[in-house]
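The values are calculated or read from the model by the stated rules, or taken from the named source; none is laboratory data. Keep in mind that this is a model prediction, so the values were computed, not measured. Neighbour counts run over all protein chains shown; Cβ positions are idealised from the backbone, glycine included. We work out accessible area using only protein heavy atoms, side chains counted, and drop any ligands, DNA or RNA first. Shrake-Rupley method; radii C 1.70, N 1.55, O 1.52, S 1.80 Å.
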Amino acid sequence: MEEARNVPMRKGPRQRADGVTELAEPAWAVVLFCVACGAAAGALLPLLARLLLALPWAPLEGPAELLTSVPEPARTLGTIAVGVLGGLLLGFTAVHESLSVRVGDTHVTLTIRDSAREFTREEIAVFFRDGKQLVLLGPSGLELARERCGLNWRRLADALTAHGHTWAGQDPHRAGFRRGVDR
């Protein structure tokens with residue numbers, strides 16, 4: 001289980017020497033995106049504070065006045081720095097919460113946060129995508145796992161099928177479901 005926590009965050013699947021394929025969201029891209037969004041939000045904050053004070057009735061008028069009273073360039077640099085730090089925190093949280101998948105010929109391991117769940121080939125009947133979630137069904141049709149997945153679906157399907165696992169384009173039991181209320 002300790003190995004699963006140290007899965008490197010790469011863009012594409014990585015074939016290891018033992019034949020296991022590892023898939024994970026690229027940590028650098030997630031963190032960079034969050035930091036850039038935080039910096040942009042921080043840069044816009046002084047402008048939003050000035051617009052807020054121009055309203056006849058303004059919520060949070062005190063904090064907006066305090067922010068606009070700080071002289072430039074300290075105001076803009078400070079709000080950008082706070083935005084970057086917030087984005088960094090959000091980015092690391094997003095990476096920590098993201099799903100990584102290790103696919104082998106005899107097993108599949110799903111790792112999210114600091115916990116790993118391993119499933120043997122005999123336990124898994126089919127994998128499929130349900131919206132933004134990866135779903136594993138057992139031979140009896142019982143749902144074994146359902147996790148939010150930000151991985152590239154084509155790469156995930158290719159890695160699973162390359163190791164002999166079954167991938168379905170949609171829920172194999174979809175035809176058995178019907179709406180409870182007519183429209």
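Quick notes
- At q = 0.10 Å⁻¹, base-10 log of I(q)/I(0) for the range 26-183 (Debye sum, equal scatterers on each alpha carbon): -0.60
- Angle of helix 74-97 to the longest C-alpha principal axis of the chain, folded into 0 to 90 degrees and rounded to 10: 10°.
- Heavy atoms of ASP114: accessible area, 1.4 Å probe, square angstrom to 10: 90 Å²
- Angle in degrees between helix 153-162 and the longest Cα principal axis of the chain, rounded to the nearest 10: 30 degrees
- The range 29-117: trypsin sites (Lys or Arg not before Pro) in DSSP loop, at most 16 other beta carbons within 10 Å: ARG113
- Using a Förster distance of 22 Å, the FRET efficiency for SER69-LEU44 (Cβ separation, nearest 0.05): 0.75
- Relative contact order of the chain, taken over Cα pairs closer than 8 Å and 6 or more residues apart, is 20 percent.
- Of the GluC sites (Glu not before Pro) in the range 67-158, those whose Cβ has at most 13 other Cβ within 10 Å and which sit in DSSP loop: none
- Largest to smallest in accessible area, the residues HIS165, HIS96, HIS107 fall in the order HIS96, HIS107, HIS165 (1.4 Å probe, all protein chains included).
- Which of SER100, SER69 is most accessible, then next, and so on - probe 1.4 Å: SER69, SER100
- These residues, THR166, THR120, go from largest to smallest accessible area, 1.4 Å probe, as THR166, THR120.
- The chain, helix-only ellipticity at 222 nm - DSSP H runs n ≥ 4, -39,500 (n - 2.57), divided by all residues, nearest 500: -13000 deg cm²/dmol
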